[in-house]
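In what follows, a single structure is set out as structure tokens and then discussed.
Nothing in this text is a laboratory measurement; each read-out follows from the coordinates by a stated rule. Predicted model only: the values in this text are computed from it and were never measured. Quick reminder, even Gly has a Cβ in these numbers, built from the backbone with ideal geometry, and neighbours come from all protein chains shown.
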Amino acid sequence: MQSFDFDLAQFQNQFNLKGNATYFALKRLEEEGLIQFNEAYYSPSRIMFALEFKELYEFQLKNPGAEPILTLLSRLRGGDMQSHFFTISENQLAFYLQKSSDNVRRQLERLQSLGILHYDFQRDMPQVLFLQPRFEPARLPLDKAHLEARKKTALERAGAVRHYALHRHRCRTQLLLEYFGEISAAFCGVCDLCLASKKNKRQPFRDENARRIQEALQAGPLALPLLVARMPHLDEREALQCIREMLDTGEIQRLDDGRMALAKAS
């Protein structure tokens, strides 16, 4: 199996494909086991000697110009370098050889062209790896029934999300539980819809309490305890909550001495 650099934008432009459709088509091919699509990919450079030690030594004798880099590679790595790849850094080799990184890269490419070693250059582009022999487009072994089932599931999920986002009457927790097959008659009391429902239900009471507070302040400013005492139909907590809301909305104001007063007309 061999991997290939894959520039998605260039691929789309070359074949006049749409961005999202192309991306998801690649992911579907990956899910079907036909390719491996690595979006974020980094692979350092690596080499493996193609010759046995004796042949490599004979090559160095005949090509003294290649001796420094081959000797350096042998010293840096050691071990069995004829049976597996090992990673290298062109910058590190350039430092030891007192050459430029480009010079080192050219030497390695030349050694590869001569069959002395295998050189796999550093990659940081997305990669596509073919996991099976290539098929003609019309003969791709795709499980169409499976793909249709996945499409149906995806559409149902999208519909459920849309329903959840646009619904304006039922508790959010009830909607979520219903999606997962559970039915609950209890309201959570804390979602946006529950809070809005509470606000709408208590609005007439809030308006009546605000009217009474304004009437109590018509004769002049009152200290907070006296204002609360003018509202015997409410407990202290409810009265203080209404006063705080009216302060926030600017319907009443707090004077410098701490007394409550009607807001001044602007």
Fill in: Taking the chain and dividing mean pair separation by its residue count, relative contact order in percent (alpha carbons under 8 Å, at least six apart)
18
Practice prompt. Tell me which residues come under 5 Å, amide H to amide H, from Ile252 once H is placed; ignore anything under 5 positions away on its chain.
Written response: Leu247, Ala263
Fill in: Calculated on alpha-carbon atoms, Rg and Dmax of the stretch 46-120 in Å
11.2, 29
Item to complete: At 37 °C and 0.692 mPa s, grab the translational diffusion coefficient of the chain from Stokes-Einstein with a Kirkwood Rh over Cα pairs, rounded to a whole number in µm² per second.
Response: 120
Item to complete: Whole number please: convex hull volume per residue, Cα atoms of the stretch 93-167, in Å³.
Response: 212
Fill in: Karplus-derived 3J(HN,Hα), 6.51/-1.76/1.60, for each residue of the stretch 4-13, Hz, glycine and proline x
10, 4, 9, 9, 4, 4, 5, 4, 5, 5
Discussion item. Among Tyr23, Phe85, Gly258, which residue has its Cα furthest toward the positive end of the charge dipole of the chain, with +1 on Lys/Arg Cβ and -1 on Asp/Glu Cβ?
Written reply: Gly258
Item to complete: Taking the Cα centre of the stretch 95-145 as origin, sum charge times position over the Cβ atoms of Lys and Arg (+1) and Asp and Glu (-1), and report the length of that vector in debye to the nearest 20.
Response: 100
Item to complete: Compute the relative contact order of the stretch 208-266 as a whole-number percentage, counting only Cα pairs closer than 8 Å that sit 6 or more residues apart in sequence.
Response: 40
Worksheet item: Going toward the positive end of the dipole of the chain, with +1 on Lys and Arg Cβ and -1 on Asp and Glu Cβ, which of Ala94, Val128, Ala50 do you reach last?
Response: Val128
Fill in: Karplus (6.51, -1.76, 1.60) ³J(HN,Hα), θ = phi - 60°, over the stretch 52-59, in Hz, Gly and Pro reported as x
6, 4, 4, 5, 5, 5, 5, 5
Item to complete: Give the value in nm², to one decimal: projected area of the alpha carbon convex hull of the stretch 1-78, averaged over all directions.
Response: 8.6
Worksheet item: What is the local net charge at Thr153, summed over the other residues whose Cβ is closer than 14 Å to its Cβ (Lys, Arg +1; Asp, Glu -1)?
Response: +2
Worksheet entry | Charge dipole (debye, nearest 20) of the chain; +1 at Cβ of Lys and Arg, -1 at Cβ of Asp and Glu | 780
Response to the item:
Those GluC sites (Glu not before Pro) from the stretch 112-186 that are DSSP loop and have at most 12 other Cβ neighbours within 10 Å turn out to be Glu182
Practice prompt. Compute the signed sum of charges (Lys and Arg +1, Asp and Glu -1) over the other residues within less than 14 Å, Cβ to Cβ, of Asn38.
Written response: -3
Discussion item. Apply the Karplus curve 6.51 cos²θ - 1.76 cosθ + 1.60, θ = phi - 60°, to the phi angles in the stretch 217-224 and return the couplings in whole Hz, x for Gly and Pro.
Written reply: 8, 4, 6, x, x, 9, 5, 4
Response to the item:
Measuring from the longest principal axis of the C-alpha atoms of the chain, the long axis of helix 144-166 (C-alpha) lies at a number of degrees, nearest 10, equal to 30
Item to complete: For helix 67-77, report the angle its Cα long axis makes with the longest principal axis of the Cα atoms of the chain; keep it between 0 and 90° and round to the nearest 10°.
Response: 50
Worksheet entry | Rounded to the nearest 20 debye, dipole of the stretch 1-150 from Cβ charges on Lys, Arg, Asp, Glu | 160
Worksheet entry | Cβ-based charge dipole, the chain, positive-most Cα from Gly159, Leu108, Leu234 | Leu234
